[in-house]
Amino acid sequence: MDIRNWLTEHKKKDLLRRLTPVKRLPEGQLVVPGQTGPSLLDFSSNDYLGLSSHAEVMAQSRHFLELAGCGAGAARLMSGDLAMYHRLEEEVAQLKGQEAALLFGSGYLANCGVIPALVGRNDAIFADRLNHASIYDGCSLSRAKVIRFHHNDLNHLEELLHKQRGKGEALIVVESLYSMDGDRCPLRDLVQLKEKFNCLLMVDEAHATGLFGENGGGIIEEDGVTARVDLAMGTFGKALGSYGAYIASTKSMIEFLINRARTFIYSTGLPPAVIGASLAATRIIRQEPGLRRDLFAKVGCFKAALAENGLTNLGPSQIVPIMIGDSSRALHIAQALRDQGIFATAVRPPTVPEGTARLRFSITRHLSREALQKAAALIGAALAAS
């Protein structure tokens, strides 16, 4: 590969990604070094509940840092299995309504480790076409046959299961809430299919944990399918404001993954400060349901304001994508909004399919109603002017 030519071609197509250093400020604002004018409203953060700056979360993080130092020192199967990991896993299992849980370094590592542990060459994976890249990388590592079904189309999935289920193990992998479209998986109907065809079902709840369900246990809790989902994956780096990830399942499945998931076996344990923060956040989302009620009140406020500016059909969640189509136009609109104090990322292929470049707005509790209404008006004006 000629790297320089590759970079040149991607730049011509407006598909070249660049890092943008920022400084985070209170109340959902940030500053880009070198910018002139006031701070920007951050619509690209997944810190939905604002827990990354919650006083209790930060205090617990500091306490665990002082208690156990900066790092675990080893993989957990060596000498790095700190007692605090087991405390967090017990809390996560309770949150997700499962028997047990296992921590991973990130959601990416969880998906890339768990999927190859479950299936192999003689097996099949049925994956939603819009699943996260980490799911598809896990599928590739497994060497199983990967069969993609149309997004949220269970009729298509059933047709494929009839034709290609095979005699080996079959795994269905979905997200409960899709990170780029903000829509939900029809889990109640999906669990019936997985049982009809005797498949394992793995649900990625990265963007749902902490936000949905009576106790914040995610969409699997809200839809009442917890006991029928074989593996629930989630992260601490979004609504819980920390870092890392987990798999929640049966005790036997967790014991199996300890022995089979290479991204767990060969990774150093998470830092103690991260564990402290995640422990505090996991308890807070169960004990303070008002946080998610407040968030979704603001989500409703933002969508109502967008509707007043001509934008409708905005989905059921805190993730609000505004479809643009062309990558160059998406970049242009994103820059125009940034010039007016709105930081929203233009998401382009290959993160999303060709022709579906978009602006992705994440709503967080940090943002005031006044800021949301102002942003909606600016978005409407920017779209009209582009």
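The values are calculated or read from the model by the stated rules, or taken from the named source; none is laboratory data. As the structure is a computational prediction, the values presented were derived from the model and not from experiment. Don't worry about glycine lacking a Cβ; one is built from the backbone with ideal geometry, like all the others, and counts go over all protein chains shown.
Observations on the structure shown:
- Residues that are hydroxyl-bearing (Ser, Thr, Tyr) and surrounded by 22 or more Cβ atoms within 10 Å (Cβ to Cβ), drawn from segment 334-383: Ser362, Thr364
- Strands (runs of 3 or more DSSP E) fully within segment 165-241 counting 1 or more residues that are closer than 29 Å to Met58 by Cα and hydroxyl-bearing (Ser, Thr, Tyr): 231-235
- Ala304 being over 25 Å from Leu51 (Cα atoms), modelled with pLDDT of 95 or more and touching a helix residue (DSSP H, G or I) at 6+ places or on another chain (Cβ under 8 Å): no
- Within segment 169-194, residues that are without any contact (Cβ under 8 Å) to a residue 40 or more places away in the chain reach partners that are assigned to a helix (DSSP H, G or I) with beta carbons closer than 7 Å, at six or more positions or on different chains, in the pairs Pro186/Leu154; Asp189/Leu154; Leu190/Leu154; Val191/Arg228; Leu193/Leu154; Leu193/Leu157; Leu193/Glu158; Leu193/Leu161.
- Any hit, segment 312-333, residues being within 18 Å of the chain's Cα centre (by Cα), buried (at least 21 other Cβ atoms within 10 Å of the Cβ) and assigned to a loop (DSSP other than H, G, I, E, B): yes
- When residues of segment 194-250 are limited to those that are among the acidic types (Asp, Glu) and either farther than 24 Å from Phe149 by Cα or not assigned by TED's automatic domain parsing to the domain that holds Phe64 (or both), the one farthest from the chain's Cα centre (by Cα): Glu214
- Of all the listed residues (Thr345, Thr364), the sole one being among the hydroxyl-bearing types (Ser, Thr, Tyr), within 21 Å of Leu30 (Cα to Cα) and at pLDDT 95 or above is Thr364.
- Applying the condition of being in contact (Cβ under 8 Å) with a residue 40 or more places away in the chain and surrounded by fewer than 16 Cβ atoms within 10 Å (Cβ to Cβ) to segment 287-308 and asking which residue is nearest to Arg365 (Cα to Cα) yields Asp294.
- Only listed residue being part of a helix (DSSP H, G or I) and either modelled with pLDDT under 95 or not charged (D, E, K, R) (or both), chosen from Leu291, Leu270: Leu291
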